[in-house]
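Written below as structure tokens is the structure these notes are about.
Derivation of every value follows stated rules applied to the coordinates shown; laboratory data play no part. None of these values were measured; they are calculated from a predicted model. Glycine also receives a Cβ, built like all others from the backbone with ideal geometry; neighbour counts cover every protein chain displayed.
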Amino acid sequence: MHLPSQGAEPSTSPAPSTDKPVRSWREALAVYLEPATLRMLALGFSAGLPLLLVLGTLSFRLREAGIDRTAIGYLSWVGLAYAFKWVWAPLVDRMPVPPLTPWLGRRRGWLLLAQVMVIAGLVGMAFNDPSAQLRPLVWCALLVAFGSATQDIALDAYRIESAATDKQAALAAAYQTGYRVAMIWAGAGVLWIAARAEVAGASGYQNSAWQAAYLAMAASMLVGVLTVMLSPEPQRRELPAARNAGEWVRDVLIEPFADFIRRYRWQAALILSLIAVYRISDVVMGIMANPFYVDMGYTKDEVASVSKIFGVIMTLVGAFIGGVLSARFGVARILMLGAVLSAASNLLFAWLAGHGRDLAALIAVVSADNLAGGIASAAFIGYLSSLTNVNYSATQYALFSSMMLLLPKFIAGFSGEFVDHFGYANFFTATAALGLPVVVLVALALRSTSRPRTPPRR
């Protein structure tokens with residue numbers, strides 16, 4: 001199960017390089033103990049917590065509650081909030097939030113507002129029983145997703161403005177560490193709490209157990225709230241005022257796209273097509289992974305230990321391997337390797353569907369799948385970063401990373417209906433087949449875009 005693919009990847013847009021004196025190992029490591037880095041560790045935890053609670057973990061809960069797979073598939077469209085966050089990102093960057101902005105500042109005001117939305121949505125999800133009425137829970141999940149996406153926007157800005165360029169790598173590393181820890185807590189932790197909150201001897205779906213788990217997750221968001229309250233507001237950037245609304249729209253939304261098209265010309269369509277479908281195999285498959293585990297008879301504890309903890313660890317191992325291989329052999333070759341492995345690993349789930357309930361087999365399949373996903377993610381992030389113009393790096397990277405989720409998330413909404421009609425084995429085989437056009441697009445894109453026709457503006 002590809003955990004990062006169910007939502008949004010943590011932001012890793014590169015910062016411009018600067019010439020700095022070489023530090024000693026002690027000085028280099030000391031940056032990880034600085035207050036700004038420790039704050040980013042806690043804020044990364046706050047950013048990573050909501051993702052699975054409205055996607056992967058929620059699908060486990062819904063299937064256990066007896067919700068049909070078709071409905072679960074459609075409900076995955078809640079995750080499209082992450083794919084469209086670039087639409088309201090300029091508002092978060094520029095608009096104040098009365099009365100929070102005068103009290104906390106622009107960045108912390110937006111962060112606190114977003115965290116309050118997430119907490120309110122999680123509490124609402126806790127107190128709504130999907131087996132009795134599904135719609136209120138869906139609205140609460142939408143609130144969580146919107147608040148979480150808004151928190152991501154504000155947090156990226158806060159991170160960039162909180163430290164000098166030479167410390168951004170440490171801040172990003174601390175952020176991603178907190179993010180991954182939160183994913184384990186929101187994946188394995190919530191299943192562990194729900195399993196132990198169940199009434200002994202009772203059978204069937206127990207909403208009270210999930211209520212306790214989701215309330216614990218809402219309380220866990222206080223880590224981010226307290227961090228925001230105790231953190232300083234970064235120095236305010238005075239943004240140049242646009243002369244009119246048309247100029248503002250052109251500079252913020254149109255020019256980053258226009259610059260990309262000017263540099264790559266007709267090849268831009270090929271590159272954008274590749275971005276739109278590169279992760280399609282694992283994103284579409286990931287929506288049905290948890291319902292598959294439930295239907296195969298795996299317990300909460302088994303899924304928590306194998307998929308949520310071991311799977312995340314293997315994803316990190318895959319990302320490390322992908323980064324090393326990309327540095328050794330180049331991003332292009334590893335991008336192709338990631339595309340092949342992501343599609344092929346889905347065939348292992350098709351085999352598992354026919355093999356039957358087997359914990360050892362589940363461990364092997366999840367390990368291989370997440371390892372492949374980590375390699376693909378590392379190469380793809382490197383590829384996206386190479387496409388950006390330094391003058392628009394944050395905006396273009398955000399647009400690219402949002403685009404990579406839009407089509408896969410939309411298609412994933414029909415995954416439950418496909419499973420209901422054709423079964424899990426055929427579904428997993430079909431998701432593997434979705435990777436074949438990706439391999440072709442990778443080959444074409446890398447062959448035709450080894451160099452941009454016009455160098456990016458500096």
Item to check | In sequence order, calculated HN-Hα J values of region 270-282 (Karplus, 6.51, -1.76, 1.60; Hz; x Gly/Pro) | outcome: 5, 5, 5, 5, 5, 4, 5, 10, 4, 9, 5, 4, 7
Next on the checklist: Run the numbers for residue 135 and residue 84: contour at 0.36 nm per residue of separation, minus the present Cα-Cα distance, in nm.
Outcome noted: 16.1 nm
Checklist entry - For residue 262 and residue 329, FRET efficiency with R0 = 45 Å and r from the beta-carbon atoms, rounded to 0.05? => result 0.90
Checklist entry - Projected area of region 24-234, taken from the Cα convex hull and averaged over every viewing direction, in nm²? => result 12.8 nm²
Item to check | ³J(HN,Hα), Karplus 6.51/-1.76/1.60, whole Hz, each residue of region 304-317, x for Gly, Pro | outcome: 4, 6, 7, 7, 7, 8, 5, x, 5, 4, 5, 5, 5, 4
Checklist entry - What nm value, rounded to one decimal, do you get for the distance between residue 447 and residue 359 when each label is placed 7 Å out toward the C-beta? => result 4.9 nm
Item to check | Whole-number Å³ per residue for the convex hull built on Cα positions in region 245-458 | outcome: 135 Å³
Next on the checklist: Positive end of the dipole of region 245-458, charges at C-beta (+1 Lys, Arg; -1 Asp, Glu), about the Cα centre: which of 266, 355, 296 has its Cα farthest in that direction?
Outcome noted: 266
Item to check | Extension reserve of the residue 68-residue 340 stretch, reckoned as 0.36 nm per residue once the Cα distance is removed | outcome: 94.8 nm
Next on the checklist: Just to check I understand the Karplus step: with θ = phi - 60° and J = 6.51 cos²θ - 1.76 cosθ + 1.60, what whole-Hz values come out for region 44-53, glycine and proline as x?
Outcome noted: x, 4, 5, 6, x, 5, x, 4, 6, 5
